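As structure tokens, the structure follows; a few thoughts come after it.
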Amino acid sequence: MAKRTAVIDLGSNSMRMAIFEKTSRYAFHIIGEFKMKVRLGEGAYEHGGEISEKSMQKACEALSEFKNIAKSYKCSKIFAMGTSALRDAPNASELIGMARRELGINLKVVSGKDEATFGGVAALNLLEPLEEFVTLDIGGGSAELALVSGGKIIDAVSLNLGTVRLKELFFDKKNLNAAAPFIKEAFKSLPKNFKSKNLVAIGGSLRAISSAIMSAQDYPLKTVHNFAYKFQNHKNFIENLARASVLELGKFGIKKDRFDTIREGALIFLGAVDAVGAQNIYTSGAGFREGVFLSDILRPTRKFPPNFNPSVRSLQDRFLLDDNKTIVKYAKDLFAALEPLHGLEGRYESELAVAARLHSVAQCLGFYGEHASSAFFVLNALNYGFSHAQKCLVAAIIAQNGKKTSSEFERFKNLLPSEDVVRWLSFILALAKNLDANCSHKKLEFEFINHTLQIYGAKELFMAKENIKKMTKPDTFAICFA
């Protein structure tokens with residue numbers, strides 16, 4: 001099993017590398033990300049796509065440095081993939097030959113359809129579950145779209161719409177009025193079935209727009225992956241960004257390294273939303289590089305097994321001494337038994353189960369403040385397959401630790417259900433933890449009758465009984481041990 005894998009993405013504007021570490025067969029996390037502005041496509045779109053000698057040399061230097069970094073991380077696999085600029089270039093073979101001869105790197109040219117598919121693979125496996133959506137990945141030379149429905153990639157296409165391409169053809173020539181019709185014409189070639197209310201935004205330009213929106217509304221989480229919003233609520237912001245001058249971009253919360261191509265990205269984004277009829281935007285921090293990595297480890301289906309989450313498993317693999325299976329079972333059984341009181345009808349049971357599984361993930365740091373540290377781990381590492389609301393809820397359940405309130409999660413209140421819901425879920429987890437405190441892993445059963453929670457098989461759990469007596473219940477009811 002290749003423990004560490006490097007994926008290099010040589011695009012029209014930048015070269016990026018991500019280093020993935022597997023913690024078990026399918027679980028992984030990213031341990032490094034690197035970026036260099038190579039500008040492989042600079043000047044190419046007015047010269048038949050040909051890569052200049054200067055850009056070619058810079059690309060080789062960057063590849064050499066990335067290879068050294070990958071070796072220092074002890075990567076056993078390196079995937080080097082070239083996208084739009086390399087596809088378009090009539091002299092691409094020169095760069096491919098240089099990379100092979102001088103660096104021993106097998107630089108592979110990826111077709112537009114395959115590039116779009118890789119983005120679809122990443123979104124399908126690493127975003128919160130969505131029944132259907134269209135992905136949009138805007139690069140320097142092209143825009144890739146994948147249509148996903150029912151857990152499958154139905155179709156994938158690549159359009160010659162990239163930020164660097166638009167910059168050189170229109171923005172550098174001060175011919176902005178011609179850019180919008182050019183984009184509209186390009187989207188006419190999009191297959192008719194590419195329609196969805198959900199658009200998954202991939203790529204640096206779209207992440208930068210999402211980050212700016214998050215900053216403008218003082219969003220409580222800093223993680224852009226899985227940030228979702230209604231397009232209509234921010235349409236004016238994106239339109240004004242597309243029309244802004246370079247000097248005005250700072251007012252939009254855009255970082256300086258995005259100034260040169262962010263307006264072009266915003267224009268393509270607006271065209272895509274209109275073309276697919278999107279209403280909801282889901283930001284994906286995972287894209288082409290993650291798709292390449294997942295396509296390698298998930299062959300041949302390119303999908304995780306049912307009910308598998310790579311973030312949960314990776315945290316378990318790295319930090320947990322125990323799998324907490326008994327606590328998860330107790331928590332689920334208690335949730336079901338106490339349903340007449342909490343009335344949640346199955347809602348939030350999955351988040352409770354994840355919290356039960358990961359409640360002790362920071363045990364490696366020490367006993368004191370373990371629940372607060374574990375909640376921090378969740379907020380910063382439970383990235384894949386969960387919405388921001390779900391991630392915040394899992395962290396809140398752990399952090400509250402069965403107590404009545406937890407002021408530290410006040411900033412997340414707009415992402416969380418009511419205080420009563422969080423309190424109930426946290427109480428259930430704390431009760432399950434107490435019942436397993438002596439590590440007896442006893443087979444317990446629960447029944448709620450006559451306003452009393454009957455716990456069968458717990459007569460000898462004396463420490464648990466003492467601790468449970470001290471707990472503050474979220475409602476008035478008795479607990480009886482039998």
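Which residue out of 148, 164 is assigned by the TED database to the domain that holds residue 265, touching a helix residue (DSSP H, G or I) at 6+ places or on another chain (Cβ under 9 Å), closer than 29 Å to residue 307 by Cβ and crowded, with 22+ Cβ neighbours inside 10 Å?
Numbers: 164 fails: closer than 29 Å to residue 307 by Cβ.
Result: 148 is the single residue among 148, 164 that is assigned by the TED database to the domain that holds residue 265, touching a helix residue (DSSP H, G or I) at 6+ places or on another chain (Cβ under 9 Å), closer than 29 Å to residue 307 by Cβ and crowded, with 22+ Cβ neighbours inside 10 Å.
From 323, 296, grab the single residue that is without any contact (Cβ under 8 Å) to a residue 40 or more places away in the chain and in contact with a Lys or Arg (Cβ under 8 Å, 6 or more places away or on another chain). Quick ask: steps written out before the conclusion?
Numbers: 296 fails: without any contact (Cβ under 8 Å) to a residue 40 or more places away in the chain.
After ruling out the rest, the residue left standing is 323.
For the range 183-215, how many residues are surrounded by fewer than 18 Cβ atoms within 10 Å (Cβ to Cβ) and without any contact (Cβ under 8 Å) to a residue 60 or more places away in the chain?
Total satisfying the criteria: 7.
With in the same structural domain as residue 225 (by the TED database), modelled with pLDDT of 95 or more, surrounded by 15 or more Cβ atoms within 10 Å (Cβ to Cβ) and outside any loop (DSSP other than H, G, I, E, B) as the only criterion, which of 282, 330 stands out? Before you say what the answer is, go through the steps one by one.
Details: 330 fails: in the same structural domain as residue 225 (by the TED database).
Exactly one of 282, 330 is in the same structural domain as residue 225 (by the TED database), modelled with pLDDT of 95 or more, surrounded by 15 or more Cβ atoms within 10 Å (Cβ to Cβ) and outside any loop (DSSP other than H, G, I, E, B), namely 282.
Looking only at the range 126-143, count every residue that is under 20 Å from residue 207 (Cα atoms) and either without any contact (Cβ under 8 Å) to a residue 40 or more places away in the chain or surrounded by fewer than 23 Cβ atoms within 10 Å (Cβ to Cβ) (or both) and tell me the total. Reasoning before the result, please.
Just the residues of the range 126-143 that are under 20 Å from residue 207 (Cα atoms), to begin with: 126-130, 133-143.
Then keep just the ones that are either without any contact (Cβ under 8 Å) to a residue 40 or more places away in the chain or surrounded by fewer than 23 Cβ atoms within 10 Å (Cβ to Cβ) (or both); that gives 128-130.
Going through the range 126-143 one residue at a time, the tally reaches 3.
Give the residue, chosen from 383, 438, that is under 22 Å from residue 129 (Cβ atoms), touching a Leu at 6+ places or on another chain (Cβ under 9 Å) and assigned to a loop (DSSP other than H, G, I, E, B). Steps first, please.
Working: 438 fails: under 22 Å from residue 129 (Cβ atoms).
So the residue among 383, 438 that is under 22 Å from residue 129 (Cβ atoms), touching a Leu at 6+ places or on another chain (Cβ under 9 Å) and assigned to a loop (DSSP other than H, G, I, E, B) is 383.
Would the range 97-106 turn up any residue that is modelled with pLDDT of 95 or more and touching a Phe, Trp or Tyr at 6+ places or on another chain (Cβ under 8 Å)?
Scanning the range 97-106, I find no residue that is modelled with pLDDT of 95 or more and touching a Phe, Trp or Tyr at 6+ places or on another chain (Cβ under 8 Å), so the answer is no.
Counting only residues that are part of a loop (DSSP other than H, G, I, E, B) and touching a Lys or Arg at 6+ places or on another chain (Cβ under 8 Å), how many does the range 227-255 have? Step through it out loud before you land on a result.
Quick first cut of the range 227-255, residues part of a loop (DSSP other than H, G, I, E, B) only: 227, 244-245, 253-255.
Narrowing the set further to residues that are touching a Lys or Arg at 6+ places or on another chain (Cβ under 8 Å) leaves 244.
Qualifying residue count, the range 227-255: 1.
Could we say that residue 26 is in contact (Cβ under 8 Å) with a residue 60 or more places away in the chain, open to solvent by 20 Å² or more (accessible area, probe 1.4 Å), more than 17 Å from residue 288 (Cα to Cα) and in contact with a Leu (Cβ under 8 Å, 6 or more places away or on another chain) here?
Working: in contact (Cβ under 8 Å) with a residue 60 or more places away in the chain: yes; open to solvent by 20 Å² or more (accessible area, probe 1.4 Å): yes; more than 17 Å from residue 288 (Cα to Cα): yes; in contact with a Leu (Cβ under 8 Å, 6 or more places away or on another chain): yes.
Answer is yes for this residue.
Would you check if residue 396 is more than 26 Å from residue 367 (Cα to Cα), aliphatic (A, V, I, L, M) and either open to solvent by less than 40 Å² (accessible area, probe 1.4 Å) or assigned to a helix (DSSP H, G or I) (or both)?
Details: more than 26 Å from residue 367 (Cα to Cα): no; aliphatic (A, V, I, L, M): yes; either open to solvent by less than 40 Å² (accessible area, probe 1.4 Å) or assigned to a helix (DSSP H, G or I) (or both): yes.
The answer is no for residue 396.
Could you please find all residues in the range 135-160 being modelled with pLDDT of 95 or more, touching a strand residue (DSSP E or B) at 6+ places or on another chain (Cβ under 6 Å) and within 17 Å of residue 265 (Cα to Cα)?
135, 136, 137, 143, 144, 145, 158, 159
For the range 338-365, which positions are touching a Ser or Thr at 6+ places or on another chain (Cβ under 8 Å) and assigned to a loop (DSSP other than H, G, I, E, B)?
Residues satisfying the conditions are 359, 360, 361, 362.
The values are calculated or read from the model by the stated rules, or taken from the named source; none is laboratory data. It should be emphasised that the depicted structure is a prediction, and the values quoted were computed from it without experimental measurement. Cβ coordinates were reconstructed from backbone atoms using ideal geometry, including for glycine residues, and neighbour counts include every protein chain displayed. Areas reflect the complete protein model, heavy atoms only, side chains present, ligands, DNA and RNA absent. Shrake-Rupley method; radii C 1.70, N 1.55, O 1.52, S 1.80 Å.
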